[in-house]
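A quick write-up on the structure given underneath.
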Amino acid sequence: MKHLFRDAEGRALSPQGSVVCIGAFDGLHLGHRALVGRAVSRARASGLPAVALSFEPLPREFFARDAKPPRLMLPRAKLEGLYDLGCDSVGLLRFNARLASMPAEDFVRDVLVKRLSAREVWVGPEFHFGKGRTGDLALLKKMGAELGFTAHEIEPVQLDGERVSSTRIRTALTAGDFETASRLLGRPYAIGGHVVHGKQLGRTLGFPTANLRYGGKTPALRGIYATWVHGVAAHPWPSVSSFGTRPTVDGIEPLLEAHLFDFEGDLYGRRIEVEFVAHLRDEEKFPDLPSLVAQMQRDDEQARAILNIQAPQRASA
């Protein structure tokens with residue numbers, strides 16, 4: 001049975017021992033997959049549970065509260081992705097003032113040893129942890145020799161001569177380079193969630209949308225996109241999507257709105273995934289709703305062309 005835990009302190013979760021990998025895991029790109037894969041394979045060989053240890057919010061979000069850095073992936077998607085990669089247990093530790101001020105040595109003793117009974121700890125290149133980021137691989141190896149675990153670092157995963165990183169993926173997404181982002185991720189970039197009720201403005205304008213919230217996080221991309229929607233049929237459904245704050249109607253919260261071409265049905269509460277294919281344009285504020293509708297019609301046509309979807313024939317008057 002898969003297990004999620006949020007607290008850094010508490011009873012021992014794996015008294016028999018565990019193999020632990022640690023990271024932000026934002027995006028679960030090729031580098032993350034290599035790290036998790038190594039820990040899972042070592043856990044299977046040792047007959048121990050594989051534990052992925054991460055944080056929510058991410059430390060960089062906690063320390064930049066007024067201008068939160070963009071996120072590639074929401075916590076639920078990260079959790080499900082780590083399970084899919086073979087982790088038996090996932091820790092999304094609450095990163096708060098207490099955890100931020102915890103010395104690296106205490107993190108090793110209280111979390112890795114007491115909480116997880118770690119036998120092996122795996123980290124990515126240049127990994128740091130603890131108050132002031134004073135903890136590193138050298139400290140893990142030193143304390144591991146004293147406390148009964150080994151510590152290891154995987155080699156950097158390279159693509160096109162550069163290290164795979166979440167920063168490279170964010171840069172690619174900002175530039176609308178979904179091909180590069182997909183290669184770095186090992187899969188197309190997509191955002192999933194449960195369809196929620198909106199103001200239904202799109203329906204009144206002739207463009208009903210399936211709306212997904214982004215959980216108070218800052219998205220890594222904004223604008224209008226040609227997209228595929230997964231989870232509404234046996235095949236991906238062609239669509240055009242807007243991701244942003246809807247400046248024409250004075251929106252505030254980032255919202256992902258997917259208009260599924262020629263779709264009829266109720267999607268409220270359904271969990272879907274929106275796959276991004278191409279960037280059409282940036283968000284902009286229009287002087288009035290007719291101007292917005294005219295642009296939405298052009299976006300519709302452009303997205304259909306990119307996805308090679310024919311518009312339905314309209315009956316003549």
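Descriptive notes on the structure:
- Most mobile listed residue (Ser241, Ser291, Ser41) in the chain, GNM with C-alpha springs under 10 Å: Ser291
- Neighbour count of at most 11 Cβ within 10 Å plus DSSP loop: longest GluC sites (Glu not before Pro)-free window in the chain: 127-263
- Dipole of the chain, positive direction: furthest Cα of Leu72, Ala175, Gly223, with charges on the beta-carbon: Leu72
- Relative contact order, whole percent, for segment 3-159 stands at 32, derived from Cα pairs under 8 Å and 6 or more residues apart.
- Note on the chain: antiparallel DSSP beta bridges, both residues inside, total approximately 60 percent of the bridges counted.
- Three-way shape call for the chain based on the alpha-carbon gyration tensor, with the a/c threshold at 1.5: prolate
- Taking every alpha-carbon pair under 8 Å whose residues sit at least 6 apart, the chain reaches a relative contact order of 16 percent.
- ³J(HN,Hα), Karplus 6.51/-1.76/1.60, whole Hz, each residue of segment 263-269, x for Gly, Pro: 9, 10, x, 9, 10, 4, x
- Counting every other Cβ atom within 10 Å of each residue's Cβ, Ser182, Ser54 order from fewest to most as Ser182, Ser54.
- Where trypsin sites (Lys or Arg not before Pro) in DSSP loops with at most 15 other Cβ within 10 Å are excluded, longest remaining stretch of the chain: 66-198
- Three-way shape call for segment 3-159 based on the alpha-carbon gyration tensor, with the a/c threshold at 1.5: rounded
- Lysines whose Cα lies under 24 Å from that of Lys141, excluding same-chain neighbours fewer than 8 positions away: Lys114, Lys131
- Beta bridges assigned by DSSP with both partners in segment 3-159 are antiparallel in approximately 5 percent of cases.
- Amide H within-cut-off set for Ala64, under 5 Å, with H built and near neighbours excluded: none
- Karplus-derived 3J(HN,Hα) values for segment 119-134, using 6.51 cos²θ - 1.76 cosθ + 1.60 with θ = phi - 60°, are 9, 9, 10, 10, 9, x, x, 6, 6, 9, 7, x, 3, x, 6, 7 Hz; glycine and proline are entered as x.
- The chain, dipole about Cα centre (Lys/Arg Cβ +1, Asp/Glu Cβ -1), debye to the nearest 20: 820 debye
- Shape class of segment 188-307 from the Cα gyration tensor (axes a ≥ b ≥ c, square roots of the eigenvalues): rounded, since a/c falls below 1.5.
Coordinate-derived values only; no laboratory data. Quick caveat, the model's predicted, so the values are computed rather than measured. Ideal geometry is used to build each Cβ from the backbone, glycine not excepted, and the neighbour counts take in all protein chains shown.
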